[in-house]
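What follows is a short report on a single structure.
The values are calculated or read from the model by the stated rules, or taken from the named source; none is laboratory data. Note that the structure is predicted; figures quoted are calculated from it, not measured. Cβ placement follows ideal geometry from the backbone for every residue including glycine, while neighbour counts extend to all protein chains displayed. Heavy atoms of the whole protein, side chains included, go into the accessibility calculation; ligands, DNA and RNA do not. Shrake-Rupley method; radii C 1.70, N 1.55, O 1.52, S 1.80 Å.
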Amino acid sequence: MSTLSDEYRKVLEETHKQKKNWGTTGSGKFYKTILKLADMYKTEELLDYGAGVGNLKKSLAEDRPNLIVHEYEPARPEVCEPPDPCRFVVCNDVFEHVEPEYLDAFFEDLQRVVAYRGYFTVCMTPAVAQLSDGRNAHLIVKPWEWWVRKVSRYFHIREAIHLNRREPQGQFVVEKFYPLPDYHDPKDR
């Protein structure tokens, strides 16, 4: 299952070559939340799904040196192979960069790698940055409610934060779908 076209992968690789700080915004703005969740979940390893240039891993190496950080970024040859599942997955400002026709495949793969919990962010406005082919870097610009419906098809949403309609970004704390006990059935008590 492919989560992006070969043409788009080439555009992303070229964009990474042209823009050395490409993909740095998400981990910076949400870094304290990532640290808090990693500590709260007693995380020993995490997967940065859509890692950009790898700034989250670099920051965590300083602040949490014992934390193992795996990266997946289709535009970086050294970390472009489909990742193994991980108990905690961070996916910062990636949704809006996915080609619309690959969005369901993307979410299916994200669902595959989230072994327990995830922290996702999404931006709902056009990007400041342009891709190497001249397109806006945000290929999907949709409102908050649209993203809530999309994420809820693949995960249990434990928390969804969008402070007001003027805020261009939202956050999700999710859990993998798994059967819950039937509290009315004596065998599940």
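Table for the structure above
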| item | result |
| --- | --- |
| For LEU139: the one exception among (1) open to solvent by less than 60 Å² (accessible area, probe 1.4 Å); (2) of a type in the set (A, V, I, L, M, F, W, C); (3) under 21 Å from GLU175 (Cα atoms) | (3) |
| Residue within region 7-23 that is assigned to a strand (DSSP E or B), within 14 Å of the chain's Cα centre (by Cα) and surrounded by 18 or more Cβ atoms within 10 Å (Cβ to Cβ) present | no |
| First in region 66-78 and in contact (Cβ under 8 Å) with a residue 24 or more places away in the chain, second anywhere and open to solvent by 30 Å² or more (accessible area, probe 1.4 Å) and of a type in the set (Lys, Arg), Cβ under 6 Å, 6 or more apart | VAL69/LYS57; GLU71/LYS57; PRO74/ARG9 |
| Failed item in (1) in contact (Cβ under 8 Å) with a residue 12 or more places away in the chain; (2) more than 24 Å from GLY28 (Cα to Cα); (3) exposed (fewer than 15 other Cβ atoms within 10 Å of the Cβ), with LYS176 passing the rest | (3) |
| Looking only at region 149-168, and only at residues there that are within 18 Å of LEU103 (Cβ to Cβ) and touching a residue at least 24 places away in the same chain (Cβ under 8 Å), the one that is most open to solvent (accessible area, probe 1.4 Å) | ARG153 |
| Residue satisfying condition, being farther than 17 Å from GLN169 by Cβ, touching a residue at least 24 places away in the same chain (Cβ under 8 Å) and not charged (D, E, K, R), within set ALA129, ALA61, ALA115 | ALA115 |
